[in-house]
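What follows draws every value from the coordinates through simple rules; no lab data is involved. What you see is a predicted model; the values in this text were computed from it and never measured. Cβ: placed from backbone, ideal geometry, glycine included. Neighbour counts: every protein chain shown.
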Amino acid sequence: MKIFRIQLMIAVLFLGAFSIQAQDFKDGKYAKEKAVEGYSLDHSYDVKKISEYKGKQTHAKNIILLIGDGMGSSHVFAGITANKGNTYFQQFLNIGYSKTQSANKYTTDSAAGGTAISAGVKTNNGSIGVDAEGKAVKTILEIAEENGKSTGLVATSSITHATPASFIAHQASRKMYDEIAEDFLKTDIEVFIGGGMMNFSKRKDGKDLISELEKKGYKIADNLKDAMDFKGDKLAALIYDKHPEGIDKRGEMLVPATDKSIEILNKNKKGFFLMVEGSQIDWAAHGNNTEQLIGELADFDRAIGEALKFAEKDGNTLVIVTADHETGGFAVKNGDNNGSVKGEFTSKGHTATMVPVFAYGPGAEDFRGIYENTELFYKMVEAFGFKK
């Protein structure tokens, strides 16, 4: 009981810091300060108020897991500042922290970080869907499929990149992109949207995985419009040869991709599991690029908003937002209430700091506190009501 009180106090303090800062923005507390020379969004966006979840369901029918790759607490607050103190991050009342160390390194990479979340095991950096000894481990996506639920993956990277791959593939190295692509054909995933066409169609071994996907009933889309116009049940949208471009060039992708995936998956009366990754938050931080960082965060926050709006209406959906690790050792050095952010980085790589976890819906209270990243898997299994 004492440990729970401490965990609850930490979560309340974390939320309180966000809430106080946000209210300061709205009250114009900083209005008399001199404008800060920093970066700001080209356009701020509206944020819909989400009703507090008050359902009493024991288990969630659906889970939408959103991963901001490389996203730490300071990244989140940069996003809050950039949108003038109002974001979907602030709609969450259940907040915790995840420790991110891998099996062989104090500072994890996305492969080991993703596998810890997807399968509940610590593995070595660079490994995808296997334990520290290289043995394949079952992921939450695969368990959801076995229990009759529909599944999906969305990313602003190649769909064969480390984070999405860790939910569906089992390979010794994250760099085995062609082998990871083949693993997609070994599941019954209903929808995946991202880059990575070349790993399915321009392979070194000459295999034509696109034809194999079509034989399995998938609609293949090589552009966003065709993907958004799709009305069927199985969609493989490989809309970039490799990776999507940065937010300034790719424009509106993550939000419609999230909406389309929910639309397809929600046809299943047994429910669904969907993972959505804001991949390039990490890349902006690697490049120590504050301007791109706040753009990617705004894009990701708006995708969170779509998940929350669906969950609010549905009443049976658990929304979880977290990160696989922090990148850049980022700090908000200064800012102002007009949306300007001045950030500084201490690294061009990953750091070992804890990352935030936000949850809304059935079972959300179980995500409070401080725990290992592997616990996210077990909390999702429990939320679904699956046997461990």
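Rounded to the nearest whole angstrom, the semi-axes of the ellipsoid equivalent to the stretch 89-155, taken from the Cα gyration tensor as √(5λ), stand at 22, 20, 10, largest first. All Cα-Cα distances of the stretch 209-335, cut into 10 Å bins from zero to the largest, leave 11, 36, 34, 16, 3, 0 percent in each bin in turn.
For the stretch 229-330, which GluC sites (Glu not before Pro) are in a loop by DSSP, counting at most 15 other Cβ atoms within 10 Å? Don't skip to the end; give the middle numbers.
Working: sites: Glu245, Glu252, Glu263, Glu277, Glu291, Glu296, Glu306, Glu312, Glu326; in loops: Glu245, Glu252.
Answer in residue order: Glu245, Glu252.
Remark: Ser173, Ser340, Ser157 ranked as Ser173, Ser340, Ser157, counting other beta-carbon atoms within 10 Å and listing the fewest first. Computed over the alpha-carbon atoms, the chain gives an Rg to Rh ratio of 0.95, Rh here being the Kirkwood radius from the mean inverse distance. Mean sequence separation of contacting Cα pairs (under 8 Å, at least six apart), scaled by the length of the chain, corresponds to a relative contact order of 31 percent.
Which order do Ile264, Ile168 fall in if you start with the one that has the fewest other Cβ atoms within 10 Å?
Ile264, Ile168
Take every Cα pair under 8 Å whose residues are at least 6 apart in sequence, average their separation, divide by the length of the stretch 89-144, and the relative contact order is 24 percent.
Pick out the long, greasy-scoring helices in the chain: whole DSSP H runs spanning 18 Å or more along their own axis by Cα, mean Kyte-Doolittle at least 0.0.
Length and hydropathy pass: 2-27.
What is the distance in Å between the Cα centroid of the stretch 177-225 and that of the stretch 64-95? First find each Cα centre; the distance between them is then 32 Å. The alpha carbon centroids of the stretch 105-176 and the stretch 254-286 are separated by 16 Å.
If eta is 0.890 mPa s and T is 25 °C, what Stokes-Einstein diffusion coefficient results for the stretch 61-212, Kirkwood Rh from Cα pairs, in µm²/s?
Working: Rh = 16.6 Å.
It diffuses with D of about 148 µm²/s by this estimate.
Listed by Cβ neighbour count within 10 Å, with the fewest neighbours leading, Thr81, Thr346, Thr353 appear as Thr346, Thr353, Thr81.
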